[in-house]
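Accompanying notes for the structure given below.
The values are calculated or read from the model by the stated rules, or taken from the named source; none is laboratory data. The structure displayed is predicted, hence computed values, not measured ones. Reconstructed Cβ throughout: ideal geometry from the backbone, glycine too, with neighbour counts over all protein chains shown. Accessible surface is based on the protein model in full, side chains and every heavy atom, while ligands, DNA and RNA are left aside. Shrake-Rupley method; radii C 1.70, N 1.55, O 1.52, S 1.80 Å.
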Amino acid sequence: MAESMKGLKRTHRCTELSGANVGEVVTVMGWVQKSRNKGGIIFVDLRDRSGLLQIIFEEGTDMNRFVDAENFAKAESLRSEFVIAVVGKVEKRAGAANENLATGDIEIRATQLRILSEAQTPPFPIEADSKTKEELRLKYRYLDLRRPDLQSKIMMRSKVAAKIREFLTNEGFMEIETPILNKSTPEGARDYLVPSRVHPGTFYALPQSPQLFKQLLMCSGYDRYFQIAKCFRDEDLRADRQPEFTQVDMELSFVDVDDVIEVNERLLKTVFKETIGIDVPNPIPRMTWQEAMDRFGSDKPDTRFGMELVNVSDVVAGCGFSVFTGALENGGSVRGINAKGQGEMPRKKIDALVEFAKGFGAKGLAYIAIQPDGTLKSSFAKFMTEDEMAALVKAMDGENGDLLLFAADKNKVVWDVLGNLRLEIARNLELLDKNQYNFLWVTEFPLLEWDEEDNRFVAMHHPFTMPMEEDLPLLDTDPGKVRAKAYDIVLNGTELGGGSVRIFQHDIQEKMFEVIGLSKEVATERFGFLLDAFKYGVPPHAGLAFGLDRMVMLMVQADSIREVIAFPKVKDASCLMTDAPNIVDDIQLEELGITIVAQEEAKDAE
């Protein structure tokens, strides 16, 4: 039978007690982790969010030291996950101290017990490093969140958010909230739409970011804004994506690239040092987008290991291997990576790497396995002369025992294939040290990228990104070569955040819309409120947004952002605990003027 607290007040969380409290009478409350009845004495491990504390119930007549028969009987009934309140005296632990617990040298000798809530046997053990399948844990997420390792991650997230707020506030940033119900501006990922009851047939969009509003705040004179903002994107999920996510969003006026980078380097240095004790270099290394692609095949390179890409196009030009020469004739390139010491990799594993590469657009993968005695095993040696093979090995810095892997195609395909291949090999060889934190700024991104489907240029970031001043003439002559004043912050191959200097001159903004195929009418329809605001005096401004979920995921060395979000969705954007999304009552749809039309399953083409 559950009891009330009857005026009891908790004096301490479990691990707030230590040897300094010996002799004090305290009141602790929490969940029963484990109960052990040794006959006449019962040991209970009490758990709250701070950790574990051992409680002793021993029956006796001295009510200052023991519990009476009624309380002892209640203690005998305790089971895992019962919620209890205990009054007792802090004592030095009678036996050997438990070095694995923060409270391992003390215990509470109980004098009173109240069972505040009984509990059924949970569907899985509430313990760290759970082996229970994630699907079951997510269905009972409220129980999963009791596990100490998951609690520590959620508490770290809270600590990180508090440090960010503290730092930015001290730097003169103002925290300002922007609307959740917005206008849809379909440039980028798909919007989540919200139908309006008051305006039938119209829809709000949930924000993919506060981008337009934070630029408006710069127009309004709030020269340093930040927000820990909830954002939404209706896109396919993976380990570091969710349909709703949190970003640390900021915008600054009267600044350029270096100003934004400088304040964020100090932010990262402060937050990482004061939460997990990691020293972030200051300044953080920088690399242009072009260099990152050429060296690592990725605009978010993992620099914890080598295996960099080598462009061997000049070396193989005119060789007898048509795969190489054909790629060069079609405007592509031939590049390779050197997996040091892997020359004796079994053919079965090499074939698996070939299949992996095909998943990223490769038609195949050429290789040279240099044996310990210097002989070459190759998939294409018969098409090359000995001199050509020797030159290729030399260009790749190949040594006895190395495995050389090559891709030949359009640059975009080659970068994608080899960039992902080096990561796959690094994973297989366990080269990715989670205790190593390699930060990198990637700068000077292309302003535009070509959309094959729409047959037009689209903004790589968003249409308000400022081109590099020296590239402005190229907007008319060669838009694909224009670099942006854009910058991403990368940690261990994961994009932590990104931003850019914004366009604030009317003529450049018009030209940008023109290049991406937005007519004045369409631009006005989508962004008219922002363009109108720019007519009344707009300062130069720039900004950046961090993915808070991703940042904390890397800080706590988790494998998925689901581990640092209290109530996450799964890969199909559903919630296993609440069964969201779900159907709604017909009357709700009628109020909104919405009809659900069943889609017929596509028939197989005959």
* To do: Taking all pairs of distinct Cα atoms, average 1/r, flip it, and tell me the Kirkwood hydrodynamic radius of the range 492-575 in Å to one decimal place.
  => 16.3 Å
* Asked: Mind listing the phi-derived Karplus ³J(HN,Hα) values for the range 561-569, rounded to whole Hz, using 6.51, -1.76 and 1.60 with θ = phi - 60°, and x for any glycine or proline?
  -> 5, 4, 6, 10, 10, 4, 10, x, 9
* Structure fact -> Relative contact order as a percentage, the chain, C-alpha pairs under 8 Å and 6+ apart, gives 12 percent
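Can I get the semi-axes of the chain's equivalent ellipsoid? Compute them from the C-alpha gyration tensor as square roots of 5 times the eigenvalues, in angstrom, largest first.
53, 35, 25
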* What angle, in degrees between 0 and 90 and rounded to the nearest 10, separates the Cα long axis of helix 386-395 from the longest principal axis of the Cα atoms of the chain? -> 50 degrees
* Could you run the Debye sum over the Cα atoms of the range 112-220, one equal point scatterer each and no solvent, and tell me log10 of I(q)/I(0) at q = 0.10, 0.24 Å⁻¹, two decimals? => -0.63, -1.21
* Roughly how tilted is helix 520-533, in degrees to the nearest 10 and between 0 and 90, from the longest Cα axis of the chain? -> 50 degrees
* Per-pair calculated FRET efficiency, R0 = 56 Å: R13 and S322 via Cβ, rounded to 0.05 -> 0.20
* Structure fact -> With Cα coordinates, the longest principal axis of the chain makes an angle with the long axis of helix 148-170, in degrees rounded to 10, of 70 degrees
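Considering only DSSP states other than H, G, I, E and B, which GluC sites (Glu not before Pro) in the range 412-447 qualify as loop sites with at most 11 other Cβ atoms within 10 Å?
Working: sites: E424, E430, E444; in loops: E430, E444.
Here the sparse-neighbourhood loop sites are E430.
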* What is the calculated FRET efficiency for L116 to S574, with r their C-beta to C-beta distance and R₀ = 51 Å, to the nearest 0.05? -> 0.90
* Asked: With each pseudo-label sitting 7 Å past Cα toward Cβ, what's the S220-M155 distance in nm, one decimal?
  -> 3.8 nm
* Apply 1/(1 + (r/R0)^6) to the Cβ-Cβ distance of E127 and S4, taking R0 = 30 Å, and write down the FRET efficiency to the nearest 0.05. => 0.50
* To do: Sketch the reach of a paramagnetic label on E470 as a point 7 Å from Cα along Cα-to-Cβ, and name the residues of the range 482-502 whose backbone nitrogen lies under 14 Å away.
  => 482-485
* Structure fact -> Residues whose built amide H sits under 5 Å from the amide H of R93, excluding neighbours closer than 5 in sequence, are I106, E107
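With 27 Å as the limit, write out which pairs from K6/K153; K340/K434; K34/K569 have Cα-Cα distances beyond it, or answer none. Intermediate results must be reported in sequence, preceding the final value.
Details: K6/K153 34 Å; K340/K434 21 Å; K34/K569 31 Å.
Pairs exceeding 27 Å: K6/K153; K34/K569.
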* Take the Cα of D454, step 7 Å along the line toward its Cβ, and report every residue of the range 517-533 whose backbone nitrogen sits under 11 Å from that point. => 517-519
* Structure fact -> On the accessible surface of the chain, probed at 1.4 Å with all protein chains in place, carbon and sulfur together account for a percent value of 50 percent
